Each structure stands twice: as C-alpha cells, then as structure tokens.
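One structure is given here, and the rest of the page talks about it.
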Amino acid sequence: MPFFENSPDLLSILTWLDWLVFFSILVITIAFVFYGGLHLKKETKQFDLIDHLIMGRRLTTPFFIATLVATWYGGIFGVTQIAFNKGIYNFITQGVFWYIAYFIFALFLVDKITSYKAVTLPDLIEKMFGPKSGKVAAIFNFFNVLPIAYVISLGLFIKSFSGFGLNTSMILGLICVLSYSVWGGLRSIVLSDMIQFFVMCTGVFLVIGFSVSTFGGISFLKNSLPPHYFSLTSDETLLQTLIWGFIALSTLVDPNFYQRCFAAKDTITAKKGILFSTAIWILFDLSTTFGAMYAKAVMPQANAGEAYLYYSTQLLPNGLRGFFLAGILATILSTLDSYLFLAGTTLTYDLSNERNRENPIFHYIGVIFVGVLSLSFANFFEGNIKLVWKTLGSYSAGCLLFPVLIGHFSKRKFSDESFMASCLFAAFTMTLWQVLAPTEWIKELDSLYIGVLTSSFVLIGLNKLSRQKSSP
C-alpha cells in the first residue's frame, strides 16, 4: 500500500502543472463573475433591484441546477470531518435526511410559494402573516445564512498551503471573496456557479475513482475500519442521529432555496431543478463520504478536519491534483459568496426601509458588514464547523419551521402577532433548555425539538384563543 503522510507539506507536493490548472480555473471563474456584472450594467443601464436580487425571475433550468448544487456544499471540510470520524453516518445525517426535505420542497411547496411573487423568504412570510412576522423571520434567517462555517472552511483551505494561522487565513480569504461578491448581484453568482459546479463535482468523483483503483472497493474499507463506520447511527444515540433529520427540515425554510425558486422563470423550472439537483447531491455525498473513509483507512492518525484534503492531494497525479484543489476551493467559494449576498440582502431589503432598497451602495455595504460579522462569529466558534451548523441551524428550524409550514398548508388565517409570538417563545425556550437542562440524559433531547414543540403549541393555542374571543 502506498505511504501517505498525515500532515504533508502541500507546497512541496504541487507541481507547476498543478498550479497552472488551479489558477486557470480560478481566473475563468473570476472572469465569469465580472462578465455577469458588466452584462447587467449594459442591459439595465441603471441599478435594477429585482434583477440584482433574483435575476429578474429569468433563471433557466441548467443555471438553476448549477447554482443550487454549487451553493449547497461549501462546508465540505465539515462533512468529510464527520465521515472521517463516523463513516456512513455522514451519508445518513448530511445526505438522506436532506433528500427527504428536498423532495417535500419540490413536490409540495414550490407551487405555493411562487404564487406570492415574493423576492425573499421574509418577504413571503410578510405577505402570508404580516409585517411583524416578516421582520422576525428576517432576523432568524439572517443568523441562519451568516456564512460562518464557510469562512472557517476557506480559512482551513488557505491555512493548509500558507502556514498562516486560521484567523489570518480566514481574513485573507474573506477579503478576496468580498472583492467580487458585491459585483453584479445574483447574476454574477449564478455564472460563477456554472464553472464551480463542474469543477467541484468532477474533483470529488476523481478522488473516489482513484481510491477504488488504488486500494480496492468496499472490502478494503471493511477490513481497515471499525464496525461502527458502517452503522447508520455510528456510535451516536438514535436521538442524536434523528436531530439531523429535523435540522434537514430547515431546508423548508432555507432562504437559498426560496431565492432560487423566486428567481426561476416558472414553477416547472424550480421543480425539475430541485429534483435533478438531488440526484447530483446523492452522487456527491457518496463520493465525499467514502473518500473520507478511505482517508481514515489510509491515514488513521491524521487531523479529521484536513484529512480528506491531505489524502486526495497525495492520491491524485500531477495536473489532476491541481484540478481537485480548484474543485475544493470552488465548493467553498460558491457557497460563501451566495451566503454573503443573501445575508446582505436580508439586511438591506428585509430589515431596512424601502427608501434604501434602491441604493446599490447600501447593498454593497451590507455584504461587507456580513463578512466582518461572520469572521467575528468564526472566531467565537473556534473553527468548529459542526457546532456552527447545529447551533444556528437548530434555532432557524426550531423557531420558523412549524409556523411557516402551517401557514402554507392550513386553511385558517393566523395573525401577525401569533406568528411572531410563536417564534420568540420558541427561541426563548430553546435557549433555556441549552442552559438549564439538568442532566446529560435530558440534554440528549436537543433544543431543536423543544423549539418545534413550543412554536406549535403557542401558535395553535393563540389561534384557539383568538377564535374563542371572536365567537359570540
């Protein structure tokens, strides 16, 4: 079996051909970003808010698939870290649970949400419930789409090559992304996603292909890894495994999905786009999960957060190594720039007054502010991507999931105040649960469950109260 170092010097491994391929792809991606911005300025002559935020609702199926797939995978070091430590548990918690949510979204929500002609998710909630609900939803969604995990991922990537500390690497990466994220709106992001989509998918497929040809198939992994790597729950409890299923349902209130659906030219485009994207995600998740498991089998003492990167760069031949690294970077950038843009939109469209919405400078400042805030939170979480996902994902799903779904599917009209109260009570009880849960056994009942239960009881209870008061 070939020898792989646990922490190799990547600069000594890379050849001139790797760098040529890497920078060629990076230049092409940046060119597409600026092309999108120039095309927008040439076409509109002046700032067009709807075109800037949702491409004037003209997103076609191929672009829809590329931007949705690319945007969803910026935390590649997070999922490969889970797979390195726990095996196919990663495919269940970061894959299967989410596919169920995607199908629900495509089959049951797309028709409902597109009829509102909204621009953002909080805008949709405001039209469903009222202005107070829209503001509360905007606050929860702002923290949900803060790209903290992806700032960390980019920092880890740069740290692997530069020798800088994680904080310095995050700052340098964020400055580079901010320099183009404010340019051209959603159109530039979608165009860059086309390149990033191709590169990131091809890169992870190459790793799994070379892994099988070099070491063998599933029998090699079974002989090299502990049995729990092939258990659906690994060494976690059932409750801790199922919590990811509830977090996956946060897709049903995820602003990225709503933004792409609002930008699609029609409902058929959105439905087909989500279903085709899901098929690609299945292949991608299988590749990253088993790729990280090969890394564990070959480099068992490696650092879990960087093992997949180190393994892949030592596995692939010259040229393809550079292509893979460009794919890793594309995976991170495609999500980071989208989340920066979306969080900035939440600030400048959903949480500001109408007078400022048409000011492009205001939107640019919003994106920069989001970048600085994300960097601050990245330091607070000390680079722990999994903790970021569970904390912020839990609050968003726990507080918004039930109220939004009942708004979609219930024939009864719920008041603005009821929606707002249910979300705020849910956030309060979730925080109390995390702080005051008296025993480890009770703490295993994740606060997300508490949030969903609280929001449902409060919303239904307030609705019954208002109906009793209004009845003679």
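The values are calculated or read from the model by the stated rules, or taken from the named source; none is laboratory data. In this text, all values refer to a predicted model and were calculated from it rather than measured experimentally. Because the Cβ atoms are built from the backbone with ideal geometry, glycine has one as well, and the counts that use them run over all protein chains shown.
Please work out which one of (1) at pLDDT 85 or above; (2) over 29 Å from the mean Cα position of the chain (by Cα); (3) surrounded by 20 or more Cβ atoms within 10 Å (Cβ to Cβ) is the condition E417 fails and give its number.
Condition (3) is where E417 drops out.
Name the residue that is nearest to A264 (Cα to Cα), counting only residues in segment 110-130 that are touching a residue at least 12 places away in the same chain (Cβ under 8 Å) and of a type in the set (G, A, S).
Among those residues, the one meeting the criterion is A118.
Could you please let me know if I88 is in contact with a Cys (Cβ under 7 Å, 6 or more places away or on another chain), at pLDDT 85 or above, surrounded by 18 or more Cβ atoms within 10 Å (Cβ to Cβ) and on the phi < 0 side of the Ramachandran plot?
no
Can you tell me which residue among S219, S234, S211 is more than 18 Å from the chain's Cα centre (by Cα) and without any contact (Cβ under 8 Å) to a residue 40 or more places away in the chain?
It is S219.
Would you please name the residue that is surrounded by the fewest Cβ atoms within 10 Å (Cβ to Cβ), looking only at residues in segment 174-195 that are at pLDDT 85 or above and in contact with a Ser or Thr (Cβ under 9 Å, 6 or more places away or on another chain)?
My answer is M194.
What helices (runs of 4 or more DSSP H) completely inside segment 1-57 contain at least 1 residues that are over 30 Å from G163 (Cα atoms), at pLDDT below 80 and touching a Leu at 6+ places or on another chain (Cβ under 6 Å)?
Per the criteria, 16-44.
Of L109, L156, L124, which residue is touching a Gly at 6+ places or on another chain (Cβ under 8 Å) and assigned to a helix (DSSP H, G or I)?
After applying the criteria, what remains is L156.
Which numbered condition in (1) in a helix (DSSP H, G or I); (2) closer than 29 Å to I171 by Cα is the only one that L146 fails?
(1)
Taking the criterion of being touching a residue at least 40 places away in the same chain (Cβ under 8 Å) and either in contact with a strand residue (DSSP E or B) (Cβ under 8 Å, 6 or more places away or on another chain) or outside any helix (DSSP H, G or I) (or both), would at least one residue in segment 248-257 satisfy it?
Yes, because at least one residue in segment 248-257 is touching a residue at least 40 places away in the same chain (Cβ under 8 Å) and either in contact with a strand residue (DSSP E or B) (Cβ under 8 Å, 6 or more places away or on another chain) or outside any helix (DSSP H, G or I) (or both).
Considering segment 85-109 alone, what residues qualify as being in contact (Cβ under 8 Å) with a residue 40 or more places away in the chain, under 24 Å from L225 (Cβ atoms) and β-branched (V, I, T)?
Hits for segment 85-109 are I88, I92, T93.
Looking for something within 30 Å of D18 (Cβ to Cβ) and assigned to a helix (DSSP H, G or I) - is there at least one such residue anywhere in segment 343-359?
The answer is no; no qualifying residue exists.
How many residues, within segment 230-239, are crowded, with 16+ Cβ neighbours inside 10 Å and farther than 12 Å from I92 by Cα?
The total comes to 1.
Given the conditions (1) of a type in the set (D, E); (2) farther than 30 Å from G56 by Cβ; (3) assigned to a helix (DSSP H, G or I), and given that D193 satisfies all but one, which numbered condition is not satisfied?
(2)
Against the condition over 15 Å from D337 (Cβ atoms) and touching a residue at least 60 places away in the same chain (Cβ under 8 Å), how does V190 come out, does it pass?
Taking the combined requirement at face value, the residue does not satisfy it.
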